[in-house]
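The values are calculated or read from the model by the stated rules, or taken from the named source; none is laboratory data. On a predicted model such as this, the values are computed, not experimentally measured, just so you know. With ideal geometry, Cβ positions are generated from the backbone for all residues, glycine too; neighbour counts draw on all protein chains shown. In case anyone asks, the SASA skips ligands and DNA or RNA and just uses the protein heavy atoms, side chains included. Shrake-Rupley method; radii C 1.70, N 1.55, O 1.52, S 1.80 Å.
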Amino acid sequence: MSNRVIIFDTTLRDGEQSPGATMNLQEKLRMARQLESLGVDVIEAGFPASSVGDFEAVHAIANAVTDVQVAALARCNKNDIDRAWQALNGARNPRIHVFLATSPIHMEYKLRKTPDQVVEMAVAAVRHAAKYTNNVEFSAEDASRSNPDFLVRVFTEVINAGATTINVPDTVGYAQPDEYGKLIKYVIENTPNSHKAVFSVHCHDDLGLAVANSLSAIQNGARQAEVTLCGIGERAGNASLEEIVMAMKVRPDVYGVDCGIQNEQLYPACRLLSLIIGRPIAANKAIVGSNAFAHESGIHQDGMLKNRETYEIMTPQSIGRKSTDLVIGKHSGRNAVRTRLEELGYRLDDEQVNVVFAAVKDLADKKANVHDEDLEALVFSEVYRLPDRYRLGNVSVQTTMGSSMPATAAVVIQAGEEEMRRAGFGAGPIDATFNVISQIVSRAPDLEQFSINAITGGTDAQGEVTVRLREGEYSATGRGSDPDIIVASAKAYIDALNRLDHKERDALRTQEATGEPAINTCN
Ligand code: KIV
Ligand code: ZN
């Protein structure tokens, strides 16, 4: 058996299904390029039949990357598979990934099919996909709660029909490491044609065991791991790419396997994701959290000074954390900004560099030093923006401390050529600002989440605000950064409104193009 584990990244499909993690096309492309630099083997780019937006994203990614396979997800029906194949048109190395549930509860209540009908559907779907490509993956949804002998039956048949990868998902995060490892071993040993396929794992983290289960599966013969950056995904998330990769790299004595991941790209990739989806990485997150390499206690610090290995099993550099933070200032030139952006992994064209450079100059008027994190925030706000419907013109607020007077806010919003302005009240300055913005755009979404972080240290640090809004079945997360936290909040609120608007338009386009509503995999 090969000792190479295929890393199948599903950040852009299963990860994006996590509430608030939706990305626009530009953001998905940026993420896909970063995943390619990271060295993943397969990027699952989306579920083309679910919406026109997903179709376009898969198509764009398929044509943007070269050194990595691009997979598209499809249910076991002809239309989904055809849509997946159309979306993959132009990909150097396309993969069709079909899935069908095999557990008694899913077959009876969700699919309303008998086991025989499920086998028939799976075989027909794989056969159809195999007419397009010999790179076909079959996933037995809810495999960990399926009858192992039924799995063997389904796997035998779909391999005969042309499946080359067999995925055994723990869809609901129910499995335990030892049990799951045994299941993988059992299906590999008992499927007579298992040698014709790569067996794969795909674990969810409902009991906090996604990584442990995936590693157990690898020890028992799985040679593909389906993972996401920072473990984002449905409910409690998926198995985290960086944790599985570093476990394999740090403990070759236990796993005896390898993969093609460039580990120095792990931190930049996770940081990029966090910026894109506007969700900070938890300080204690394994591998990439800000505390992962911080040593606070005196005994630990003393040990570290004598020999790093007393308390460090890997170095920060090995996952791409830079020890130096080059500071850009008021007098830095365009070239310094361009060079630093390149060092941080941003490949921007001249026009984009000019936009960031102008924003750096503005920011440097407000704060002395522009750090890497500031630069990244500017790239996101100025370059990777959706084509916005609304843009913040100006905001001014007034509060009187110790008085019962409500806070007042006056806001100017640019909508294309039109300038809209209004003033109003609120319980505090942020409430007043949000009230006025929603009156200007005549929408009243629910504010589901609001968080604020300082991007760097220092009292002049930029505030990074994340806002999640919900309107009906859609929710969207917006981000904004500025040294003034009211301005950052207004930007984040408007960004979320623009994203809501984008989602609704995507749903409308899907309805018009297919006559069917978009499948809300990600809200
Ligand atoms: O969790 C799951 O079962 C899935 C499948 C579509 C692979 O995401
Ligand atoms: Zn999943």
Q. Quick one: what does P(r) look like for region 324-384 with 10 Å bins over all Cα pairs, in whole %?
A. 24, 65, 11
(Q) For region 129-212, place one equal point scatterer on every Cα, skip the solvent, and apply the Debye formula. What is log10 of I(q)/I(0) at q = 0.13, 0.25 Å⁻¹? (A) -0.38, -1.18
**Q.** Rough spin-label spacing in nm, given labels placed 7 Å along Cα→Cβ, for residue 258 and residue 511
**A.** 5.4 nm
Q) Antiparallel DSSP bridges in region 6-277: what percent, to the nearest 5? A) 5 percent
Q) Rounded to the nearest 0.05, what FRET efficiency is calculated for residue 421 and residue 294 with R0 set to 45 Å and r the Cβ-Cβ distance? A) 0.45
**Q.** Rounded to 5, the percent of DSSP beta bridges in the chain classed as antiparallel
**A.** 50 percent
Q: Leaving ligands, DNA and RNA out of it, report the carbon-plus-sulfur percent of the accessible area of region 264-386 at a 1.4 Å probe.
A: 50 percent
Q: Could you estimate the translational diffusion coefficient of region 198-337 from the Stokes-Einstein equation, with Rh from the Kirkwood formula over C-alpha pairs, at 20 °C and 1.002 mPa s, in whole µm²/s?
A: 127 µm²/s
Q) Where q = 0.10, 0.11, 0.15 Å⁻¹, what log10 of I(q)/I(0) comes from the Debye formula for region 380-494, counting one point per Cα? A) -0.29, -0.35, -0.67
(Q) Cross-link candidates for residue 306: which lysines have Cα within less than 30 Å, leaving aside residues fewer than 8 places away along the same chain? (A) 249, 285, 322
Q: Taking amide H positions as placed in the peptide plane 1.01 Å from N, state which residues far from residue 448 in sequence (5 or more) or on other chains have amide H under 5 Å from it.
A: 468, 469, 470
Q) Quick one: Cα centre-to-centre distance for region 117-189 and region 193-251, in angstrom? A) 16 Å
Q) Short version: ³J(HN,Hα) in whole Hz for each residue of region 33-45, in order, from phi by Karplus 6.51 cos²θ - 1.76 cosθ + 1.60 (θ = phi - 60°), x for Gly and Pro, what are they? A) 5, 5, 5, 5, 5, 5, x, 5, 8, 9, 10, 7, 8
Q) When Lys and Arg each count +1 and Asp and Glu each count -1, what net charge do the other residues less than 13 Å away from residue 39, Cβ to Cβ, add up to? A) -4
Q. What are the principal axis extents of the Cα atoms in region 86-183, in Å, biggest first?
A. 40, 29, 22
Q. So, counting K/R as plus one and D/E as minus one, what does the shell of residues with Cβ under 13 Å around residue 445 add up to?
A. -2
Q. Given a 1.4 Å probe, how much area per residue of the chain is accessible, in Å²?
A. 43 Å²
Q: Using just the helices of the chain, give the 222 nm mean residue ellipticity in deg cm²/dmol: DSSP H runs with n ≥ 4 each add -39,500 (n - 2.57), and the total is spread over all residues, rounded to 500.
A: -12500 deg cm²/dmol
Q) How far is it, in nm, from the label point at residue 66 to the one at residue 334 when both lie 7 Å from their Cα along the line to the Cβ? A) 2.8 nm
**Q.** Candidate residues 438, 404: accessible-area rank, largest first, probe 1.4 Å
**A.** 404, 438
Q.
Based only on Cα atoms, what mean projected area does the convex hull of the chain have, in nm²?
A. 27.0 nm²
Q) How big is the accessible area of residue 47 in square angstrom, nearest 10, if you roll a 1.4 angstrom probe over the protein chains? A) 10 Å²
Q.
Can you tally the net charge around residue 241? Count Lys and Arg as +1, Asp and Glu as -1, for every other residue whose Cβ sits under 10 Å from the Cβ of residue 241.
A. -4
Q) In region 390-512, carbon and sulfur make up what percent of the accessible area (probe 1.4 Å)? A) 50 percent
(Q) Need one number for region 6-277: average projected area of the convex hull over its C-alpha atoms, nm². (A) 12.5 nm²
Q | Rounded accessible area of residue 373 (nearest 10 Å², 1.4 Å probe) | A | 60 Å²
**Q.** Distance in nm between pseudo-label sites at residue 109 and residue 308 (7 Å out along the Cβ direction from Cα)
**A.** 5.1 nm
Q | chymotrypsin sites (Phe, Trp or Tyr not before Pro) restricted to region 346-403 and DSSP loop, no more than 15 other C-beta within 10 Å | A | none
